[in-house]
Every structure is written in structure tokens, then in C-alpha cells.
């Protein structure tokens, strides 16, 4: 879903 | 990737390198909280376990490896190489008061009840409060070296820039992550008092006094 973190951020 | 995200990452990187160089060049870790640095090493380790399971980008992988490597190098300098200069008596914050509640919260409030996701959530919550032993140490001794205040400023600025990144991403990508946002707000708020002192006093006095 949209609110799921995408793990791209550090 | 937007300008806030990139400058946030670079500010974070600058903070880590400033601290590492400060300790290395002065051959002393006086005034630095080893406990905060251990917490940051735990933060990076538990957050970047996905290095082993998924590839996102070369940038992402490189930064994660650098952050983890620098975190452990810093801990090594404080607790091994320059241990004699470590001011353990003033580094008396009880970290179990942070780690235990944060651990409980990450099990209760997370996106997905899976080991990797819980550890990621734990790292987000822990990062938001990991600087407290350092701030406690400074308030206890009543002063900090100028270079230490630059470190803290860059470290605080990084999460503040991430807040703008999240606002950007919400408007332009419809993306938001409530766990990261709330923890990021908490983390930034903890630095507000310090930001104020840094701007009003830190640039003009040396050594820095609270």
C-alpha cells in the first residue's frame, strides 16, 4: 500500500 | 529522490564524518557519548539488514555500507583505540530506558509483523531518541567543543530535511509512511533546543556553553 515504507530512504 | 532527501543524506554523512575525523585528528573522544554511538550502530545494523535481501540502487547500497562502517569505526575508536580519553563518568544516561520501551513499541506498532519489518521499525524509533545520551552528557558537563556542536547540528538538520522530503513526497508522489514521519518529528523536536543555542551562541563563543 501507499503508506508502506519503500526502504529506499536511509 | 528530491533536493531535501539528497541534502538530508549529505548532512547525515557530513555529521558522521565530522565526528569520526574529530576523534581521529584530536586522538580523543572527550565529550562524546559512546552510548549514543552504540545506539546509532544498532540503528544502522537493524535498519539495513535489507542489504542482504534486496537491492534498491547503487546509491542506496553505498550509503548504507558507509553509514554502517562509519558507525562501527566510531564505536571502535571510542571503546578501543582511544578508550583512555572516553569520559565514561559523564556518559551516565540509562540506555535501557530507551531500548526497552522502543523495543516494545516496535512490536506493537509496525507495518507488518515480520522479523525484518519489526527490526526496521525498531531502528526508526530508536534513532529518534538515540542522541539523548549525547545531549544528556552535554547538559551534565555544561559545555561542548565547537566541532561537537557542528556534528550535532548536521545530525539534527538531516532529519529536519527529511521532514521536508516527506512533505514533498506526499504532495508529488502521494507517498507517506506514518511511522517514519512521527518518529522523524520527535527526532527533530529533540534538537530544537540545541538548534536555538547553536544559532544564538554556538557560532560566536568557544568553547560552547549551555
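Quick note: the coordinates plus some simple rules give every number you see, no bench work behind them. Bear in mind that the values here come from a model prediction, so they are computed numbers and not experimental data. Heads up, the Cβs are rebuilt from the backbone with ideal geometry, glycines too, and the neighbour counts pull from every protein chain shown.
For region B:41-63, name all the residues that are surrounded by fewer than 18 Cβ atoms within 10 Å (Cβ to Cβ) and within 11 Å of chain A (Cβ to nearest Cβ). Give the steps one after another, and end with the answer.
The first filter runs over region B:41-63 and keeps only residues surrounded by fewer than 18 Cβ atoms within 10 Å (Cβ to Cβ), leaving B:45, B:49-59, B:61-63.
Passing the criteria: B:49, B:50, B:51, B:53, B:54, B:55, B:56, B:57, B:59, B:61, B:62, B:63.
Here are B:169, B:159: which of them is within 13 Å of the chain's Cα centre (by Cα), on the phi < 0 side of the Ramachandran plot and buried (at least 17 other Cβ atoms within 10 Å of the Cβ)?
Details: B:169 fails: within 13 Å of the chain's Cα centre (by Cα).
Unique residue meeting the criteria: B:159.
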